[in-house]
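The values are calculated or read from the model by the stated rules, or taken from the named source; none is laboratory data. Quick caveat: nothing in here was measured; it's all calculated off a predicted structure. Backbone-built Cβ (ideal geometry, glycine too); neighbour counts: all protein chains shown. Protein only, heavy atoms only, side chains kept; ligands, DNA and RNA dropped before computing areas. Shrake-Rupley method; radii C 1.70, N 1.55, O 1.52, S 1.80 Å.
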Amino acid sequence: MPYFDAASTAPLHPLARQALLSALDEGWADPARLYRDGRRARMLLDAARETVAAELGARPDEVAFTTSGTQGNQLAVLGALAGNHRNGRHLVHSAVEHSSVLHAAEQHEASGGTVAAVPVNRQGRVSPEAFAEALRRPGTALAVLQSANHEVGTLQPVAEVGALCAEAGVPLLVDAAQSAGRLDVPDGWSLLTASAHKWGGPTGVGVLAVRKGVRYRSPLPADEREYGRVPGRVNVPAVVAAAVALRAVRQEAAAVNAAQHARIARLRAELPGLVPDLAVLGDPERRLPHLLTFSCLYVDGEALLHELDRAGFAVSSGSSCSSSTLTPSHVLAAMGVLTEGNVRVSLPRECEDADVDLFLEVLPKAVAAVRAQLDPPSAGPAAAAGLLVLDTLGRRCPIPVIELAKHFAEVPVGGVVAVLSDDEAARLDIPAWCEMRAQQYFGEAPSSEYGAAGGVAYLVRRLN
């Protein structure tokens with residue numbers, strides 16, 4: 001079964017497996033103890049810390065181990081804000097940060113702090129100029145920018161933003177979870193986080209690095225371990241395996257990245273021709289080598305993932321139609337792109353060209369099968385006087401866009417379609433459909449203006 005979800009968790013590297021088994025025998029004791037077994041565990045931990053620090057461009061005493069990338073992000077955000085509280089209580093981050101950063105920002109805001117989200121373009125990339133403008137606000141205590149986006153793979157201008165932060169005297173936290181091990185760590189960071197299971201290490205190991213001289217105060221009760229940044233005992237065997245995996249993937253990176261970059265480039269080039277109404281997302285050049293995200297019109301994302309699973313492919317999705325919350329992906333929403341039928345493909349090091357061949361064969365059939373199930377009867381009346389009202393209230397993505405596409409030809413050129421919907425995804429997907437179809441989207445109006453209660457009327461003018 002081809003596994004195409006390495007961005008969620010990469011398979012355990014073979015060398016990491018060997019190291020883990022060995023360290024379970026040698027590093028089981030408490031590394032804080034002075035007897036022989038404890039000293040041996042401490043030696044293994046120190047060696048692993050030195051390895052991770054060297055690969056990430058840090059000093060060993062700057063590196064602390066967490067239980068996950070999520071914990072690392074949240075400790076980094078809250079700890080840096082606490083350490084820099086005398087400078088102010090304002091936090092700046094990009095609009096497409098990982099949810100762990102956003103949740104920490106929500107807690108900061110709830111406690112009286114302020115937060116600003118820097119917008120991104122349609123490829124998911126922030127503008128250094130926009131970030132510089134956000135940094136000018138007095139009282140800015142911390143900035144956060146991921147190295148690469150976890151949903152669409154776009155690389156961020158970390159070095160440029162880092163220089164701007166240094167000039168403004170604001171520490172920069174870089175979430176390197178998706179790029180660490182695959183790409184060089186960008187310059188300019190004050191705090192850095194990463195997650196071992198993204199690079200082929202075991203789960204349960206994250207990294208929080210804090211540069212010397214950066215003010216940091218743990219938001220948790222005091223604990224003497226891990227330089228006072230992370231409470232609790234370190235899982236020494238897992239940390240050893242994580243370090244071995246990181247060194248191994250860094251040594252393999254040049255060859256693996258070249259092969260994966262070529263495979264993703266092939267998918268980017270061929271998929272739009274194989275699947276009608278498919279949009280490839282993210283920056284085509286400044287991107288992670290192993291990750292591709294695309295969205296399909298008229299497709300329920302969860303149904304498509306199940307169809308691909310039945311065909312033997314493990315992929316993931318960030319769309320509103322692939323989770324129980326029915327909330328559009330904040331990343332795709334910030335980009336202003338199509339959220340329905342969203343699929344993320346991320347290749348592991350074990351991927352072969354034959355796996356890509358098979359995916360190109362399977363995907364068109366899977367999309368066609370899902371689309372065949374989503375052909376509901378129209379809820380709208382016939383067009384009259386150049387106006388067509390489609391009532392899709394109470395119906396979820398992708399039905400509003402399906403209805404729009406099915407009945408768009410019923411209005412004359414210059415006529416208007418009002419799609420009535422109470423699904424939040426429609427606010428993103430209908431404008432995206434208009435851009436893909438070169439039609440005019442000109443806003444929304446209360447559905448009451450079109451004889452319905454609740455929801456919003458999304459207005460589209462037919463141009464051709």
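Working note: Karplus 6.51/-1.76/1.60 with θ = phi - 60° gives the range 101-106 the couplings 5, 5, 5, 5, 5, 4 Hz, where Gly and Pro are set to x. Fully extending the segment from GLU285 to GLN251, taken as 0.36 nm per residue of separation minus the present Cα-Cα distance, adds 9.9 nm.
What percentage of the solvent-accessible surface of the chain, computed with a 1.4 Å probe over protein heavy atoms, is contributed by carbon and sulfur atoms?
Working: 9900 of 18660 Å².
It is 53 percent, rounded to a whole number.
With a Förster radius of 45 Å applied to the beta-carbon distance between ASP184 and ALA369, the computed FRET efficiency rounds to 0.60.
If the viscosity is 0.890 mPa s and the temperature 25 °C, what Stokes-Einstein diffusion coefficient in µm²/s follows for the range 255-305 when Rh is the Kirkwood radius over Cα pairs? Write down the numbers at each step before the final one.
Working: Rh = 11.9 Å.
Using the Kirkwood radius from Cα pairs, D works out to 206 µm²/s.
How much mean residue ellipticity at 222 nm does the chain get from its helices, if each DSSP H run of length 4 or more adds -39500 (n - 2.57) and you divide by all residues, to the nearest 500 deg cm²/dmol? Before the final figure, lay out the partial values.
Working: 12 runs with 177 residues, N = 464.
Taking each H run of at least 4 residues, the total per residue is -12500 deg cm²/dmol.
Taking θ as phi - 60° and the Karplus parameters 6.51, -1.76 and 1.60, the scalar couplings of the range 428-445 work out to 9, 7, 5, x, 5, 4, 4, 5, 5, 9, 6, 10, 9, 9, 10, x, 9, 8 Hz in sequence order, x denoting glycine and proline. With the cut-off at under 17 Å, measuring from each backbone N in the range 174-202 to a point 7 Å along the Cα-to-Cβ line of ALA166 picks out 174, 185-192. Calculated from the alpha-carbon coordinates, the chain shows an Rg and a Dmax of 24.4, 88 Å respectively.
Could you work out the relative contact order of the chain? I mean the mean sequence separation of Cα pairs under 8 Å and 6+ apart, divided by the number of residues, in percent. Mind dumping the intermediate values first?
Numbers: 998 pairs, mean separation 73.2, N = 464.
Reported relative contact order: 16 percent.
What the Cα convex hull of the range 1-71 gives, in volume per residue, is 127 Å³.
What's the ranking of 9-18, 283-292 by average number of surrounding C-beta atoms within 10 Å, highest first?
Numbers: 9-18: 18.3, 283-292: 20.1.
Going by the mean number of other Cβ atoms within 10 Å, highest first, we get 283-292, 9-18.
Around PRO328, what is the net charge, scoring Lys/Arg as +1 and Asp/Glu as -1 over all other residues with Cβ under 10 Å from its Cβ? Display every interim value, and only then the final one.
Details: positive: ARG427; negative: GLU340, ASP423, GLU424, ASP429.
My count for the surroundings of PRO328 gives -3.
Straight Cα distances below 17 angstrom link LYS212 to the aspartates and glutamates GLU50, ASP61, GLU62, ASP187, GLU226, with same-chain residues fewer than 8 positions distant left out. What relative contact order, as a whole-number percentage, does the range 327-464 give when Cα pairs under 8 Å and 6 or more residues apart are counted? With pairs under 8 Å counted, the relative contact order is 23 percent. Across the range 41-49, coupling constants 3J(HN,Hα) worked out from phi with the 6.51/-1.76/1.60 Karplus curve, θ = phi - 60°, read 5, 5, 5, 5, 5, 5, 5, 5, 5 Hz, and Gly and Pro carry x.
Mind listing P(r) for the range 66-174? All alpha-carbon pairs, 5 Å bins, whole percents. Each 5 Å bin holds this share of Cα pairs: 2, 13, 25, 26, 21, 10, 2, 0.
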